[in-house]
Amino acid sequence: MTTWNPTQYLLFGNERLRPALDLLARIPSETPNAVYDLGCGTGAATVLLKERWPHAHVTGVDSSAEMLARARALGKDIAWEAADLAAWQPDTPADVFFSNAAFHWLDGHDTLFPHLLKGLKSGGALAVQMPQNFSAPTHTSISDTVRGGPWRRKLEPLLREHPTHEASVYYDILCPHVASLDIWETTYHHVLSGENPVVEWTKGSILRPLLAQLDEAEARAFLEDYGARVCKAYPQGRDGKTVLPFKRLFFIAVR
Ligand SMILES: C[S@@+](CC[C@H](N)C(=O)[O-])C[C@H]1O[C@@H](n2cnc3c(N)ncnc32)[C@H](O)[C@@H]1O
């Protein structure tokens, strides 16, 4: 299981939270009782759920001890649960399942989401956001670096090149199980500061399982190779900023 580094992840906390806010704004539930943040990470979005529904019982669920430790330190009136979402269900049917940037780490979406929907009350909402930029240079440069270096045999089996599907596939997966379905995509154009900030961005997420397999010297060489590729794809502007276009997929399925 991937070890997460909450500090690296939160380097771009505002940018990573923006889709969570956009997703939350579209959830129709007025006064839910039981609300879950699935793959809650450091709890940044879980806090927003509690703020929107202060009377709800809000629980953050995640499999990373490091992320949950950071979430617990927020000291909020939120329950935190360590669990693998692959087979997870709530103890009793819930009103809202919210998930920001987590389910692309899991496989089998065709069975996973219908299974999750069974854990919702009638009228309950499953609200999900996942990155949809796996054919962008941020990600294709990872595959190119993996396949072009001495670490290929070690890292190639770990590549997650197509963890999400087209919106139409989610329509087909979810439609038979829901009363209503809202699906959309948004491309954010994040304006980032610093030297080659795209490397810092991916170091906090998609690169983690790969770098964890390399020793220090290998990791440095890998990041140099990858860094040169993304630097070309996302050059620094004259103002010193780097613009990172980032497409994301959203859906809200109401049971
Ligand atoms: C990119 S972070 C997103 C965190 C948070 N939702 C946010 O918006 O800041 C992805 C989170 O999903 C969690 N995750 C990945 N696979 C998981 C699984 N199988 N079960 C539970 N959590 C998982 C990771 O531990 C990580 O905290």
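Being more than 10 Å from the ligand (Cβ to nearest atom), touching a Leu at 6+ places or on another chain (Cβ under 7 Å) and in contact (Cβ under 8 Å) with a residue 12 or more places away in the chain is true for just one of W53, W80. Which residue is that? Steps first, please.
Values: W53 fails: touching a Leu at 6+ places or on another chain (Cβ under 7 Å).
Step by step, each of W53, W80 is checked, and only W80 is more than 10 Å from the ligand (Cβ to nearest atom), touching a Leu at 6+ places or on another chain (Cβ under 7 Å) and in contact (Cβ under 8 Å) with a residue 12 or more places away in the chain.
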From A56, A94, residue being over 19 Å from the mean Cα position of the chain (by Cα), over 30 Å from Q213 (Cβ atoms) and buried (at least 21 other Cβ atoms within 10 Å of the Cβ)
A94
If I go through segment 7-61 residue by residue, how many of them are in a loop (DSSP other than H, G, I, E, B), over 15 Å from W80 (Cβ atoms) and of a type outside the set (A, V, I, L, M)?
10
Run down P90, P131 and say which single residue is farther than 26 Å from A233 by Cβ and in contact with a strand residue (DSSP E or B) (Cβ under 7 Å, 6 or more places away or on another chain).
P90
So which residues in segment 173-197 are within 16 Å of the ligand (Cβ to nearest atom) and either at pLDDT 95 or above or among the hydrophobic types (A, V, I, L, M, F, W, C) (or both), if there are any at all?
T186, Y188
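The values are calculated or read from the model by the stated rules, or taken from the named source; none is laboratory data. The model shown is predicted, which means the values in this text are computed figures rather than measured ones. Here Cβ is always computed from backbone atoms with ideal geometry, including for glycine, and neighbour counts include all displayed protein chains.
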